[in-house]
Structure formats: C-alpha cells, structure tokens
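The structure under discussion appears below in the form of structure tokens.
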Amino acid sequence: MANVNKIDINGEKQITVHSGNSLLTELAKKNIFIPTACGGRGICGLCKIKVIKGAPTILPTEIPLLSEEEKENNVRLSCQIKASNDLVIEIPKEFLTIKETRCKCTDILDLTHDIKMFTFESIEPQTIDFIPGQYVQLLSPAYAKGVEEVYRAYSIASERQNKNMIELIIRLVPGGICTTYCFNYLKVGDNVKLNGPYGAFYLSDSNAPIVFIAGGTGIAPIRSILYYMAETNCQRNAAFYFGANKVKELFLLDEMAKFEKQLPNFKFVPVVASPEENEKWDGQLGLVTQAVQQNLKNVHEHEAYLCGSPGMIDAAIEVLKNMGMPEENIFFDKFA
C-alpha cells in the first residue's frame with residue numbers, strides 16, 4: 001500500500017496524497033489544476049508553484065526552466081516533484097478556481113491527413129467561459145493496457161459566444177498518448193473531461209496593427225481571436241501569415257476568406273515552403289518567416305501573436321526583433 005502524505009496549501013487547505021506520483025498529478029486528483037502545456041513532461045515550465053517546506057533537491061530537468069530568483073524563492077515545477085513526503089506549498093489563488101468540465105464529443109472533422117477538429121459540448125457545468133487565445137487541458141483516459149490517464153493542453157479554437165461548446169484542433173503525434181486516444185479511440189457521443197481555461201495569450205486592448213504568425217495547429221487560438229475580432233467589429237489592421245510545408249497541409253481557407261470579408265482591415269497570407277510537383281500554387285513560397293520579412297512594413301509599430309512549434313516560434317521571434325519589433329510587443333504560445 002502506498003504511503004499517504006499531507007499537503008498544506010496556502011495555509012488554508014490540507015489534503016492527503018499518495019506517494020509515487022508527481023505533485024501535479026496528485027493535485028489534479030483532488031480537483032486542483034495547475035496549468036501545464038506539456039502534460040507534465042517537464043518541458044513547458046508552466047506548472048510552477050512555491051514549495052515552502054519539504055521540497056526535495058532541484059532536479060536537472062528543472063534548472064533550465066527556473067530563474068535564479070525563482071530558485072531563491074522556492075519556486076518549483078510541480079510535475080517534477082514527487083509527493084513522497086509532507087509538503088507546505090503556495091499556489092496562486094486563481095488556480096484554485098479552475099474548474100473541470102464534463103463534455104460530450106459532438107463532431108470530429110478531418111482537416112488534413114493528420115489534423116482533426118474535435119467539437120465538445122459542455123454537460124456539467126453547462127457553460128465554459130474563456131478569453132479567445134486561452135487553452136484547456138484534455139484528459140486522456142487509460143484506454144489501453146499499460147497506458148495511464150494523462151492531461152494534454154490544447155488551444156481553444158472556437159467562438160467565445162458559444163459558451164456551451166469548445167472546439168480543439170489536434171495533430172496526430174506518432175506514439176502520443178492523448179493524440180492516439182483522440183484519433184483512434186474517441187468517438188462522437190463519448191464523454192470527456194476538460195479543465196481550464198488557462199493562459200495569457202490573448203489580444204491586447206491597444207490599437208497597434210497586428211501580425212499573426214502560425215503553422216499547423218497553431219491556427220487554433222488565432223482562429224478564436226479572429227472570431228472575437230469579428231464579433232466586436234475590431235478595426236485594427238491585421239495580417240495572418242500561416243505556414244505549411246505542402247499545399248495539402250493548408251486548411252480552413254474558406255473560413256479565412258470569410259474573415260477577410262467580415263474584417264475589412266484583415267489579410268490572410270498562406271505560405272507554402274515546397275509544393276509537390278502535382279500541386280498548383282501561385283501564393284507565397286518559402287518559410288513563413290521569410291514572407292514576413294518580405295512583406296511586413298513599419299514592424300516597430302506592430303504587435304505580434306505567434307503560435308506553433310518551439311522552433312518556428314524561436315525563428316519568428318529572432319526575425320521580428322531583427323526587423324525592429326520591441327520584445328514586449330511579441331506574444332506567443334509554444335507547443336512543446
């Protein structure tokens with residue numbers, strides 16, 4: 001039988017947890033959800049809390065993700081701490097209000113050969129409030145022998161107005177626990193659990209012109225933001241550079257055309273790196289960052305919103321800074 005340990009939270013709440021699992025996992029079992037974009041793999045660095053008493057030695061996996069100030073202030077990654085002894089911890093109070101939502105899958109739409117859009121209708125509670133650009137965590141159950149339930153983070157792709165529905169755009173990752181569940185096991189009519197929303201990736205309230213840059217499933221939060229801009233009749237100048245390797249990897253083009261009609265100051269710029277011989281393409285060629293370099297003027301006046309793979313984000317940040325964009329004007333959401 002596993003040992004039981006006590007966790008004191010903010011000096012106000014005490015829970016008991018079982019040894020062996022990460023603190024992140026054990027807190028989730030008590031409906032205390034700490035944000036994470038990597039599902040607890042120690043990559044994203046979002047699941048930070050303070051461990052006031054009982055913390056083990058900092059692990060090598062934590063060191064790159066903690067500043068010197070955070071180390072001095074007992075900040076740790078909750079996914080890397082085993083709940084193997086009594087702990088005294090501090091968690092931001094807003095995390096204690098994060099809710100779990102039970103949903104039903106109502107639609108699964110193929111977007112490309114390895115990307116699908118999943119629609120979930122909320123059952124309990126009946127509504128989900130979020131800010132366009134935020135993400136939720138989807139619980140993948142233990143669907144096969146040797147597979148444990150895990151949470152994975154996905155950006156919300158849907159309209160804020162539809163408070164009883166959430167859409168997620170998910171790419172199949174070979175060997176990925178949650179994406180395998182979504183693509184091979186999840187069916188329309190099945191119930192799932194989500195928690196959130198999380199994240200500070202959302203549109204500022206300035207009037208600065210906008211450049212969106214994304215690739216693949218990075219389109220999800222930008223799609224949600226574009227719905228919001230259309231809903232609020234936003235007049236800001238905005239361009240969305242969307243990169244793909246092949247023409248067949250482009251998707252939601254009809255929707256983007258509708259946004260161009262609804263938003264008179266918005267332009268969608270798809271960019272294809274290397275079309276196949278049988279693919280007809282007369283649009284922008286090359287890397288999405290090259291297209292930005294060629295087309296974007298008065299960069300210092302813009303705000304940038306980036307979403308995609310870590311490599312694409314890092315490359316875009318470097319390009320934008322070299323073009324004169326202040327770092328504080330660059331907002332991003334990395335997929336670990």
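Figures for the structure shown
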quantity	calculated
Residue ID - nearest to Pro174 (Cα to Cα), chosen from residues in the range 57-114 that are touching a helix residue (DSSP H, G or I) at 6+ places or on another chain (Cβ under 6 Å) and outside the structural domain of Leu194 (by TED's automatic domain parsing)	Cys79
Qualifying residue in the range 56-78 (condition: closer than 30 Å to Pro125 by Cα and either at pLDDT 90 or above or not in a strand (DSSP E or B) (or both))	yes
Given (1) out of contact with any strand residue (DSSP E or B) (no Cβ under 8 Å at 6 or more places or on another chain); (2) touching a residue at least 60 places away in the same chain (Cβ under 8 Å), index of the condition Ala144 fails	(2)
Ser122 more than 30 Å from Glu328 (Cα to Cα), small (Gly, Ala, Ser) and assigned to a strand (DSSP E or B)	yes
Of all residues in the range 143-195 being under 19 Å from the mean Cα position of the chain (by Cα) and of a type in the set (Gly, Ala, Ser), the one that is surrounded by the most Cβ atoms within 10 Å (Cβ to Cβ)	Ser155
Residue selected from the range 146-166 under the condition modelled with pLDDT of 90 or more and hydroxyl-bearing (Ser, Thr, Tyr), by the criterion farthest from Glu255 (Cα to Cα)	Tyr154
Those residues of the range 245-269 which are in contact with a helix residue (DSSP H, G or I) (Cβ under 7 Å, 6 or more places away or on another chain) and either crowded, with 16+ Cβ neighbours inside 10 Å or assigned to a loop (DSSP other than H, G, I, E, B) (or both), in sequence order	Leu252, Phe259, Leu263, Phe266, Phe268, Val269
Members of the range 14-31 that are touching a residue at least 24 places away in the same chain (Cβ under 8 Å), surrounded by fewer than 18 Cβ atoms within 10 Å (Cβ to Cβ) and either among the β-branched types (Val, Ile, Thr) or under 20 Å from Ala55 (Cα atoms) (or both)	His18, Ser19, Gly20
Residues being farther than 17 Å from Gly11 by Cβ, touching a strand residue (DSSP E or B) at 6+ places or on another chain (Cβ under 9 Å) and exposed (fewer than 15 other Cβ atoms within 10 Å of the Cβ) - total across the range 45-57	1
Flag for Gly54 being of a type outside the set (Val, Ile, Thr), free of Cβ contacts under 8 Å to residues at least 40 places away in the same chain and in contact with a Cys (Cβ under 6 Å, 6 or more places away or on another chain)	no
Any hit, the range 128-140, residues being in a loop (DSSP other than H, G, I, E, B), crowded, with 19+ Cβ neighbours inside 10 Å and of a type in the set (Phe, Trp, Tyr)	yes
Residues located in the range 75-99, provided they are out of contact with any Gly (no Cβ under 9 Å at 6 or more places or on another chain) and over 18 Å from Gly42 (Cβ atoms)	Ile91, Pro92, Lys93, Glu94, Phe95, Leu96, Thr97
Subset of the range 91-109 (residues that are part of a strand (DSSP E or B), exposed (fewer than 15 other Cβ atoms within 10 Å of the Cβ) and among the β-branched types (Val, Ile, Thr))	Thr106
Residue within the range 110-124 that is closer than 30 Å to Gln14 by Cβ and of a type in the set (Lys, Arg) present	no
Matching residues in the range 79-90 - criterion: being of a type outside the set (Asp, Glu) and either part of a strand (DSSP E or B) or more than 18 Å from Phe33 (Cβ to Cβ) (or both)	Lys82, Ser84, Asn85, Leu87, Val88, Ile89
Test for Ser140: is it in contact with a Cys (Cβ under 6 Å, 6 or more places away or on another chain) and either at pLDDT below 90 or closer than 30 Å to Asn21 by Cβ (or both)	yes
Subset of the range 269-298 (residues that are in contact (Cβ under 8 Å) with a residue 60 or more places away in the chain and touching a Leu at 6+ places or on another chain (Cβ under 8 Å))	Val292
Among (1) under 26 Å from the mean Cα position of the chain (by Cα); (2) under 26 Å from Gln161 (Cα atoms) - the single one Lys246 does not satisfy	(2)
Pick from the range 282-336, criterion among the charged types (D, E, K, R) and outside any helix (DSSP H, G or I), ranking: surrounded by the most Cβ atoms within 10 Å (Cβ to Cβ)	Asp333
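The values are calculated or read from the model by the stated rules, or taken from the named source; none is laboratory data. No experiment lies behind these values; they were computed from the predicted model shown. Cβ: placed from backbone, ideal geometry, glycine included. Neighbour counts: every protein chain shown.
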